[in-house]
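K.L.:
I have a structure I would like to understand better, so I am pasting it below and will then ask my questions one at a time.
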Amino acid sequence: MVLVVPEDLLEAASGARENAYAPFSGFKVGAALRTASGLIITGANVENTSYGLSRCAEQSAVTAMVSEGDRSFCEIVICTEADPPVTPCGACRQILLEFSPEADLYTVGLSGAVRHYRVCDLLPDAFALDRHQG
């Protein structure tokens with residue numbers, strides 16, 4: 001089976017990757033998601049001397065999505081130089097799951113290698129508050 005990555009999202013994620021600020025790790029990541037309303041939103045990783053203040057590309061994209069007024073996305077492409085492509089970190093998995101557990105997620109390396117997942121499959125038995133309590 002040949003995985004077909006949404007070309008517009010791949011192009012946007014690749015562009016975002018070029019804008020990443022990664023002076024410490026040198027590991028640039030770009031993400032592009034398509035909101036439920038069809039808007040394409042990008043994010044890049046932004047490192048900080050105080051490592052805990054760094055933000056992953058996926059977090060940047062979701063934050064921008066929420067700032068634009070959207071609350072869900074249907075697909076996301078994450079572009080790195082890693083081969084094979086890496087999956088999102090645990091914190092990003094939780095954030096992505098919060099907004100779109102059924103979304104398609106593609107990770108793409110610079111070599112063109114692709115992996116495909118549903119967001120919910122990356123974090124089975126994820127933490128969730130019962131929103132119907134008190």
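K.L.:
Looking at (1) touching a Pro at 6+ places or on another chain (Cβ under 8 Å); (2) part of a strand (DSSP E or B); (3) of a type outside the set (Gly, Ala, Ser), which is the one condition that is false for Ile76?
P.N.:
(1)
K.L.:
What residue, of Ala128, Ala61, Ala82, Ala113, is over 20 Å from Ala12 (Cα atoms) and small (Gly, Ala, Ser)?
P.N.:
It is Ala128.
K.L.:
Please go through the range 115-127 and give me each residue that is touching a residue at least 24 places away in the same chain (Cβ under 8 Å) and touching a helix residue (DSSP H, G or I) at 6+ places or on another chain (Cβ under 9 Å), ordered by number.
P.N.:
Result: Val119, Leu122, Leu123, Ala126, Phe127.
K.L.:
I'd like the full set of residues that are open to solvent by 30 Å² or more (accessible area, probe 1.4 Å), farther than 21 Å from Glu102 by Cβ and assigned to a strand (DSSP E or B), limited to the range 27-72.
P.N.:
Thr42, Val46, Arg55
K.L.:
If you check Asp70, Asp83, which single one turns out to be of a type in the set (Asp, Glu), farther than 27 Å from Phe127 by Cβ and more than 11 Å from the chain's Cα centre (by Cα)?
P.N.:
The conditions single out Asp83.
K.L.:
So, one more: Go over the candidates Leu129, Leu122, Leu105, Leu110 one by one and state the one that is at pLDDT below 95 and in contact with a strand residue (DSSP E or B) (Cβ under 9 Å, 6 or more places away or on another chain).
P.N.:
From the options Leu129, Leu122, Leu105, Leu110, the qualifying one is Leu110.
K.L.:
Every residue in the range 73-97 that is surrounded by fewer than 16 Cβ atoms within 10 Å (Cβ to Cβ) and over 23 Å from Lys28 (Cβ atoms), please.
P.N.:
Within the range 73-97, just Cys74 meets the criteria.
The values are calculated or read from the model by the stated rules, or taken from the named source; none is laboratory data. Predicted, not measured: the structure shown is a model, and the values here were computed from it. Using ideal geometry, Cβ is built from the backbone for each residue, glycine included, and neighbour counts are taken over all protein chains shown. Just so you know, the surface numbers come from the protein's heavy atoms only, side chains and all, with ligands and any DNA or RNA stripped out. Shrake-Rupley method; radii C 1.70, N 1.55, O 1.52, S 1.80 Å.
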